[in-house]
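Asker: Take this structure, written in structure tokens, and hold onto it; I'll ask about it next.
The values are calculated or read from the model by the stated rules, or taken from the named source; none is laboratory data. Just so it is clear, the structure is predicted and the values come from calculations on it, not from any experiment. Cβ placement follows ideal geometry from the backbone for every residue including glycine, while neighbour counts extend to all protein chains displayed. For the accessible areas, the whole protein counts, side chains as well, though only heavy atoms, and no ligand, DNA or RNA atoms are used. Shrake-Rupley method; radii C 1.70, N 1.55, O 1.52, S 1.80 Å.
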Amino acid sequence: MTESSANKSANGEVCQHAINGIKPRKNGFVKNNYLHQQQKPKYCYPEEKVHHIACNGGLYSRLFNESFEETPMLVAVLTYMGYGILTIFGYLRDFLRQWKIEKCHIAREREEQKDFVPLYQDFENFYTRNLYMRIRDSWNRPICSVPGAKMDLVERVSHDYNWTFEYTGKVLKDVINLGSYNYLGFAENSGVCADAAAEVTRKYGVGVGSTRQEMGNLDRHEDLEKLVAKFLGVESAMAFGMGFATNSMNIPALVGKGCLILSDELNHASLVLGARLSRSTIRVFKHNNIQSLEKLLRDAIVHGQPRTHRPWKKILIVVEGIYSMEGSIVRLPEIIALKKKYKAYLYLDEAHSIGALGPNGRGVVDYFGLDPRDVDVMMGTFTKSFGSAGGYIGGKKELIDYLCTHSHSAVYATSMSPPVVEQIIASMKCIMGEDGTTIGRERIQQLAENTTYFRRRLQEMGFIIYGNGDSPVVPMMLYMPAKIGAFGREMLKRNIGVVVVGFPATPIIESRARFCISAAHTKEMLDVALNMISEVGDLLHVKYSRHRILPSLDRSFDGETTYEENED
């Protein structure tokens, strides 16, 4: 495991402060980043910005705390052994299938396809057959209700080792939903937003049947884009029908040959695909590591393009607001400082942070109290905090005018469905307070409270969790491959729906459960879920942390943290 950039200052030197009395250790070191030790009110966003001198020169106006505890050595060894044993038995089962001894023949290619070139790479096919299929029942579960704080799941069983499923006809009722990106609780079938979407459906219908440039540009599309621009605090904005395509189709429109993209190593697949489709040169910097990024920027300025050494046409830094697998928040103040220093452009993906961060729900820019004009391209999606679908790009008017005619997603894609647009407008007005209520503000506050409470309780129980203390994405480390499926199944038995993630979506030894907290969760729901998580954690022995936080009677969450060393 590498040292977190959170423990280094802007000049590359390690800050020599003990973190809450704990010295750095070779194994089991809690990598926390406290950029200042200002106490913050319980569950609250500060109303006033207070600037502090920090290791990075005072760029941060609020506490910035991220924790990435190292994998215990024994757990890492056992995890590698687990994958090794699975691989060995996988090849043994392939040998038995070849000689028709293995009972499960569904894994083999059909006889009529034996002379065809394999459709998949050998290893990908091998992984699917022998590892993924063992825990396939943990994914793609059919939901038959609104994916709110609670949901209903269709029960299914498999009689052939998860190759096929049969539905029993039963429904699992009132499963607590800890997996959906329903951060502000707008995924609902009643209320102001649902009523507005229903009314627009009666007026406009569901489909548009054309692109924006032809006959598919509705007045509600224009209203949405004006509202998004106002919400973000930028000159102009443009909406797209699919969040993934917003990244993958717009990055190639902005950069091309002779351009350089500096991409965080943990960027989403849509950003990676967009960068590759652009045919630009791509260089990857370590996750959230400002020193790694600055080194690449400096080398790019000094050396220019390979072979010719001509200056790069453009240098585009691509980052996310909240990283959906790590739960970490981008170190935006430092990145903006570097961007200005080296005259680069900044592309910020706020898919998970818009609505979920900041006192006004305006994302990571609002969270740090920064000027939106310092971000050249502001991207986000409507699929999470707004309970709808699609994505947006915000920025200067010249940028949006250019994308209107050069973006494949804008030129060739069918326009957004009217009820989808209305859901976004209604929920965004609610967040902004333009509906005449304080519901949006209350939900933002409730999400902050739920996030802090849930993270703190998991740490008290002894789980290793990753990410920023304010991130509603909460990864809890499982590590071993056998525990991925076991955790998901045991939680479902207890009526808790969770998402489990393993290789190749994560590094091979960093399998995890990923919880997504919502403003719709009540404290009672969270307490029930936490008790079940603790019970399953004891059953599966996944409470790996060596730095368990002492329980707090009043559940106050301030900058000062007390740790208890476990000597096991």
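Asker: Among the residues of segment 447-498 satisfying the criterion of being in contact (Cβ under 8 Å) with a residue 60 or more places away in the chain, of a type in the set (F, W, Y) and assigned to a helix (DSSP H, G or I), which is nearest to Y132 (Cα to Cα)?
Answerer: That would be F454.
Asker: Let me ask another. For segment 130-170, give me each residue that is more than 25 Å from the chain's Cα centre (by Cα) and surrounded by fewer than 14 Cβ atoms within 10 Å (Cβ to Cβ).
Answerer: V157, S158, H159, T164, E166, Y167, T168, G169, K170
Asker: Let me ask something else about it. Quick check: anything in segment 349-361 in a loop (DSSP other than H, G, I, E, B) and without any contact (Cβ under 8 Å) to a residue 12 or more places away in the chain?
Answerer: No: segment 349-361 contains no residue that is in a loop (DSSP other than H, G, I, E, B) and without any contact (Cβ under 8 Å) to a residue 12 or more places away in the chain.
Asker: Given the condition open to solvent by 20 Å² or more (accessible area, probe 1.4 Å), in a loop (DSSP other than H, G, I, E, B), touching a residue at least 40 places away in the same chain (Cβ under 8 Å) and over 25 Å from M215 (Cα atoms), answer yes or no: does some residue in segment 389-410 qualify?
Answerer: yes
Asker: List the helices (runs of 4 or more DSSP H) inside segment 171-275, counting only whole elements, that have at least 2 residues being over 30 Å from L296 (Cα atoms) and at pLDDT 95 or above.
Answerer: Counting at least 2 such residues, we get 192-204, 219-232.
Asker: What are the pairs, 6+ residues apart or on separate chains, where a residue within segment 278-300 that is within 15 Å of V330 (Cα to Cα) has its Cβ under 7 Å from a residue that is of a type in the set (K, R)?
Answerer: Between residues of segment 278-300 that are within 15 Å of V330 (Cα to Cα) and residues that are of a type in the set (K, R), the close pairs are N288/R331; I290/R331; Q291/K8; S292/K286.
Asker: In addition: From K230, K257, grab the single residue that is more than 30 Å from W312 (Cβ to Cβ) and surrounded by fewer than 20 Cβ atoms within 10 Å (Cβ to Cβ).
Answerer: Going through K230, K257 in turn, the sole match is K230.
Asker: Going through segment 264-277 one residue at a time, which ones are open to solvent by 10 Å² or more (accessible area, probe 1.4 Å) and either in contact with a Lys or Arg (Cβ under 7 Å, 6 or more places away or on another chain) or of a type outside the set (A, V, I, L, M, F, W, C) (or both)?
Answerer: If the condition is that a residue be open to solvent by 10 Å² or more (accessible area, probe 1.4 Å) and either in contact with a Lys or Arg (Cβ under 7 Å, 6 or more places away or on another chain) or of a type outside the set (A, V, I, L, M, F, W, C) (or both), then E265, N267, H268, R276 are the ones that fit.
Asker: Suppose the filter is among the acidic types (D, E), touching a strand residue (DSSP E or B) at 6+ places or on another chain (Cβ under 7 Å) and buried (at least 24 other Cβ atoms within 10 Å of the Cβ); does D376 pass it?
Answerer: no
Asker: Counting just the residues of segment 278-290 that are of a type outside the set (F, W, Y) and under 23 Å from the mean Cα position of the chain (by Cα), which one comes out most open to solvent (accessible area, probe 1.4 Å)?
Answerer: Residue satisfying both the conditions and the ranking: K286.
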